[in-house]
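All remarks here apply to the structure that follows.
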Amino acid sequence: MGIEEEKIIRAAFRTIKGVGSQHLRQLIAHFGSAVKAWEAPQSSYLQVANQEKWIREILKVRKDIDPQEIGAALSQQGIMLITPDESNYPHLLLELAGAPPLLYYRGYLRGDAEVLAFVGSRQATTYGKSAARVLARDAAAKGIVIASGLARGIDTAAHQGALDSQGTTWAFLGCGLDRIYPLENQRLAEDILEKGALISEFTPGTPPNALHFPARNRLISGCSYGVVVVEAAERSGALITVDFALDQGREVFAVPGPIFSPVSRGPHHLIRQGAKIVERIEDICNELPAWSKYATQISLNKELLPKETVHPAELDHLSILQQLSDVPLHIDQIAIHSTLPVSTISLALLELQLGGKVKQLPGQHYVLAREC
């Protein structure tokens with residue numbers, strides 16, 4: 001029996017109504033392989049699950065299914081199959097008691113990849129998206145793979161951050177790989193495929209379904225060394241992912257946010273429960289012994305730098321930049337904490353915008369323009 005035949009038979013079983021990953025594992029454990037299960041006589045199935053509905057469905061439709069047709073259809077769609085027995089299967093997933101016996105993927109997978117997961121609100125703020133994108137960018141620049149779920153908001157920002165640094169990112173879908181959800185992320189999905197992968201536990205043709213997302217989230221945390229939560233309501237899918245991460249023995253990290261924001265409550269709750277606070281990627285690397293090599297920083301002694309004459313306008317710019325962050329700040333608030341005239345502040349903000357250092361938001365609010 002070859003691995004390719006085994007994979008195609010596993011895919012054939014998954015097309016049968018009611019046969020999910022758990023049932024497929026059950027068949028493999030009982031018969032020794034999917035191929036043997038496919039060839040087994042009806043009488044042998046009586047010992048598997050006492051004629052449960054999914055067993056009856058297998059016996060009813062198995063004879064009408066051509067596994068080779070299924071394999072050809074997958075190949076036509078550019079969808080590949082991978083099992084836990086193969087070297088490029090994400091190695092941390094192997095630690096899970098319920099590791100999927102079959103994954104569908106497009107793109108490129110590395111079994112030995114060091115992976116960091118990002119989860120958070122679909123209704124993310126400008127601050128949250130900026131934080132996720134910058135942290136993911138800095139992690140990917142170190143060679144760490146970014147895992148997330150291709151959803152709106154924080155997921156999208158994390159994938160984009162990895163791409164910003166020409167890094168690798170994996171997107172786990174709660175539907176078949178022939179459907180991109182949300183549809184607006186079709187271009188992002190295509191960009192991910194250049195170096196990374198789209199991954200799913202679900203057969204092609206499976207629509208996005210709310211019941212599928214917890215299973216998807218379990219894989220996002222399961223393949224990762226740690227999970228970073230950037231903005232989440234008190235009850236959200238992101239916190240469900242955290243529960244999976246804790247059960248799987250993964251580290252949990254949280255990015256603090258503005259106290260007035262509802263989506264800060266989730267991360268702040270996690271911090272009170274002992275999650276590690278994240279302000280920069282080194283905060284994560286320092287907590288993971290295996291990643292200590294990534295935490296090395298070169299510090300410059302400013303006393304050794306050559307003295308240069310600084311133009312007064314540059315000092316004005318610097319004083320304003322020191323006030324700004326990813327949290328929107330109104331021009332009046334900048335003026336209150338500045339010794340500069342309002343006219344000078346307005347001019348400096350315009351110059352900083354033109355220089356790509358500051359971004360103006362509606363209502364004369366300003367934030368730092370991150371490199372993302």
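The values are calculated or read from the model by the stated rules, or taken from the named source; none is laboratory data. Keep in mind that this is a model prediction, so the values were computed, not measured. All Cβ positions, even for glycine, are placed from backbone atoms using ideal geometry, and neighbour counts span all protein chains on display. Surface accessibility is based on the protein's heavy atoms, side chains included, excluding ligands, DNA and RNA. Shrake-Rupley method; radii C 1.70, N 1.55, O 1.52, S 1.80 Å.
When only residues in segment 239-261 that are in a loop (DSSP other than H, G, I, E, B) and among the hydrophobic types (A, V, I, L, M, F, W, C) count, which is most open to solvent (accessible area, probe 1.4 Å)? In this case the residue turns out to be PHE260. Figure legend. Inter-residue proximity from segment 12-40: first residues more than 22 Å from ARG216 (Cβ to Cβ) and touching a residue at least 24 places away in the same chain (Cβ under 8 Å), second residues among the basic types (Lys, Arg) and assigned to a helix (DSSP H, G or I), beta-carbon distance below 6 Å, spacing 6+ or different chains. Indicated pairs: ALA34/ARG10.
Residue count for segment 326-354 under the criterion of being among the small types (Gly, Ala, Ser) and out of contact with any helix residue (DSSP H, G or I) (no Cβ under 8 Å at 6 or more places or on another chain): the result is 1. THR15 fulfils the conditions (1) closer than 17 Å to PRO100 by Cα; (2) open to solvent by less than 40 Å² (accessible area, probe 1.4 Å); (3) of a type in the set (Ser, Thr, Tyr) except for a single criterion, (2).
Sub-7 Å Cβ pairs linking a first residue in segment 188-203 that is in contact (Cβ under 8 Å) with a residue 40 or more places away in the chain and on the phi > 0 side of the Ramachandran plot to a second residue that is of a type outside the set (Ser, Thr, Tyr) and surrounded by fewer than 16 Cβ atoms within 10 Å (Cβ to Cβ), at least 6 apart or interchain, number zero. Apart from one condition, TYR225 fits all of (1) of a type in the set (Ser, Thr, Tyr); (2) modelled with pLDDT of 95 or more; (3) more than 13 Å from LEU93 (Cβ to Cβ); (4) open to solvent by 10 Å² or more (accessible area, probe 1.4 Å); the exception is (3). All conditions in (1) surrounded by fewer than 24 Cβ atoms within 10 Å (Cβ to Cβ); (2) within 24 Å of ARG265 (Cβ to Cβ) hold for LEU135, with the sole exception of (1). The single residue among LEU150, LEU103, LEU116 that is open to solvent by less than 10 Å² (accessible area, probe 1.4 Å), touching a helix residue (DSSP H, G or I) at 6+ places or on another chain (Cβ under 9 Å) and farther than 20 Å from GLN248 by Cβ turns out to be LEU150.
Could you say which residue among ILE277, ILE284 is modelled with pLDDT of 90 or more, open to solvent by 40 Å² or more (accessible area, probe 1.4 Å) and within 22 Å of the chain's Cα centre (by Cα)?
Numbers: ILE284 fails: open to solvent by 40 Å² or more (accessible area, probe 1.4 Å).
After ruling out the rest, the residue left standing is ILE277.
Could you grab me the full set of residues in segment 159-187 that are open to solvent by less than 20 Å² (accessible area, probe 1.4 Å), touching a residue at least 60 places away in the same chain (Cβ under 8 Å) and either farther than 21 Å from SER75 by Cβ or of a type in the set (Ser, Thr, Tyr) (or both)? Don't jump to the end; show me each part of the working.
Narrowing segment 159-187 to residues open to solvent by less than 20 Å² (accessible area, probe 1.4 Å): 159, 161-162, 167, 169-177, 182, 185.
From what's left, touching a residue at least 60 places away in the same chain (Cβ under 8 Å): 161, 170, 176-177.
GLY161, TRP170 - these are the residues of segment 159-187 that are open to solvent by less than 20 Å² (accessible area, probe 1.4 Å), touching a residue at least 60 places away in the same chain (Cβ under 8 Å) and either farther than 21 Å from SER75 by Cβ or of a type in the set (Ser, Thr, Tyr) (or both).
Scan segment 34-50 and tell me whether some residue there is touching a Gly at 6+ places or on another chain (Cβ under 7 Å), of a type outside the set (A, V, I, L, M), surrounded by fewer than 15 Cβ atoms within 10 Å (Cβ to Cβ) and at pLDDT below 95. Show your work before the answer.
Looking only at segment 34-50, we keep the residues that are touching a Gly at 6+ places or on another chain (Cβ under 7 Å), and these are none.
No; the residues of segment 34-50 include none that is touching a Gly at 6+ places or on another chain (Cβ under 7 Å), of a type outside the set (A, V, I, L, M), surrounded by fewer than 15 Cβ atoms within 10 Å (Cβ to Cβ) and at pLDDT below 95.
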